[in-house]
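The values are calculated or read from the model by the stated rules, or taken from the named source; none is laboratory data. All figures in this text were calculated on a predicted structure; none of them were measured in a lab. Cβ placement follows ideal geometry from the backbone for every residue including glycine, while neighbour counts extend to all protein chains displayed. Protein only, heavy atoms only, side chains kept; ligands, DNA and RNA dropped before computing areas. Shrake-Rupley method; radii C 1.70, N 1.55, O 1.52, S 1.80 Å.
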Amino acid sequence: MEEKETQIRLTAGEIAQLWLQYLNDSSSICILSYFLEKAEDEEIKPIIQYALELSKTHIEKITAILTEEKNVVPYGFSIKEDVDLAAPRLYSDSFVLNFINQMSKVGLTAYAGSVAASVRDDIKTYYMDCLTETMHLYKKSTDLLLSKGLFIRSPSLPDLEKVEFVKKQWFMLDVFGEKRPLTASEVDNLFANLQRNALGVTALTGFSQVAQEKNVKQFFLKGLEIGNKHIQLFRGKLEESKLPAPMGWDSEITNSTTYTFSDKLMMFFTSGLISLSIGYYGTAISQSPRADISAMYNRLSLEIQLYSEDGANIMIKNGWLEQPPMAADRDKLIRKKNQL
């Protein structure tokens, strides 16, 4: 009889990706279930349903993988504890569609990174499947946004008529206040970061209306102040080059103040938005040769890192921050052994 091949243990990278995805998808199930319960647009409902089914399938597969590997399954989030499906509507269907479209773009980046971080064939295949599914979700949501006239396109630039090479340091430096026009990558990053902040501000406005604890509400209000400031800075850079800037979704929030999501769930989602912003700002720095823009992103990154620390302290104080998988503390184990 042929011996069964021994399963290769999960690497730290694979465990980290699975653990974080479980938390993200369990929180998504709560949020998407609520969105589906409140949806009225018959064209948007199937998009929400599709996104919800993807998250449920991911949870099942990750649970099976971790259980087989004798790894504990994260606590995560649940509909019973973290959302009231009977709560009044908090956001419009058009905001929900934009939300799903933006989150699918985030998912494309995350799953591509997960594929690259995976070594074991079954894990790599799983994340390749996730990537394909998310591509479909992105296409479905984008097509519907376009058909409804809700898709916000980034600015267009003049046609490139000839190849040119940079001849002066002026391309990178702000000399005597003179600034060159934005490059295509700078325009794209400013536009996308403005859009993401506008989405975040809308989400936080709703969160601040339904937050239960005072310090959580204050945290969201501080986030609104930071987000609006970043939006104005990005809009200003675009307008300097006579480029249009997208508007926000402030009108897509209802007046509901009824408990909808748990403070724990909203804090987790906000922390995720902060982490994404830090990553996107880092990308923008690497793609922005103009010194004033790089300096701006560096300054804003520091600001949101400090804001993130405030959020982590609130989550730790309330027992909401689930500890990620960690390497063994060998020194602690040795000291424990010596005490026997």
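So which of K214/K332; K162/K242; K167/K237; K56/K139 end up more than 28 Å apart, counting from Cα to Cα?
Where the Cα-Cα span goes over 28 Å, the pairs concerned are K214/K332.
Need the C-alpha centroid separation for segment 254-287 versus segment 44-61, integer Å.
Here the answer is 20 Å between Cα centres.
Compute the longest continuous run of the chain that contains no exposed trypsin sites (Lys or Arg not before Pro); treat a site as exposed when its DSSP state is not H, G, I, E or B and it has at most 11 other Cβ atoms within 10 Å.
With a cap of 11 other Cβ atoms within 10 Å, the longest stretch comes to 243-340.
Can you give the accessible area per residue of segment 110-166, in Å², using a 1.4 Å probe?
With all protein chains present, segment 110-166 gives 67 Å² per residue.
Which percent of the accessible heavy-atom area of segment 1-154 goes to carbon and sulfur, probe 1.4 angstrom?
Carbon with sulfur: 56 percent of the solvent-accessible area.
Solvent-accessible area per residue for segment 180-220 at a 1.4 Å probe radius, Å²?
30
Using DSSP to call loops (not H, G, I, E or B), can you name the chymotrypsin sites (Phe, Trp or Tyr not before Pro) in segment 32-108 whose Cβ has at most 12 other Cβ atoms within 10 angstrom?
Y75
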